[in-house]
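Engineer: This is the structure I have questions about; it appears just below.
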Amino acid sequence: MIIMRVIISSHSKRRLKEIRQYGVDVADVREAASKIPGKIPKATRFRGFITGTGKMFDLVAKDLPAGRLIITIIGK
C-alpha cells in the first residue's frame, strides 16, 4: 500500500476556522484526500465527503511531486 503525503495549504487551514466549515477538521481532510484514487494533474473539486460527525464537505486538490496538495475546503 502506497501512503500519499497530504499537504494542507495555509488557505485551507484558515478556511477550517470559518463557520461554514465548522465540524470539519484536519484529520477529516487528510482521510478524504487519501481516499481519492489515481493522480490529480490539475486542480479538481471532489464532492460529497462526510466527517465523523456527519458534516458534508468538498475539497479541491492537486497532486505535486511532494504530495497531494489540498487547495481549499468547502463546507456544506
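Engineer: Among what's in the stretch 1-37 and is in contact with a strand residue (DSSP E or B) (Cβ under 9 Å, 6 or more places away or on another chain) and of a type in the set (Gly, Ala, Ser), pick the residue that is farthest from GLY52 (Cα to Cα).
Structural biologist: SER9
Engineer: A follow-up question, please. Within the set of pairs 6+ apart or on separate chains, which have a first residue in the stretch 46-57 that is on the phi < 0 side of the Ramachandran plot, a second that is aliphatic (A, V, I, L, M) and assigned to a loop (DSSP other than H, G, I, E, B), and C-beta atoms under 8 Å apart?
Structural biologist: PHE46/ILE36; THR51/VAL24; LYS55/VAL24; PHE57/VAL24
Engineer: Follow-up question, since we're still on this one. Restricting to strands (runs of 3 or more DSSP E) lying wholly in the chain: which have 2 or more residues that are surrounded by fewer than 14 Cβ atoms within 10 Å (Cβ to Cβ)?
Structural biologist: Hits in the chain: 44-50.
Every read-out reported here was derived from the displayed coordinates using simple, explicitly stated rules and does not represent laboratory data. All figures in this text were calculated on a predicted structure; none of them were measured in a lab. Because the Cβ atoms are built from the backbone with ideal geometry, glycine has one as well, and the counts that use them run over all protein chains shown.
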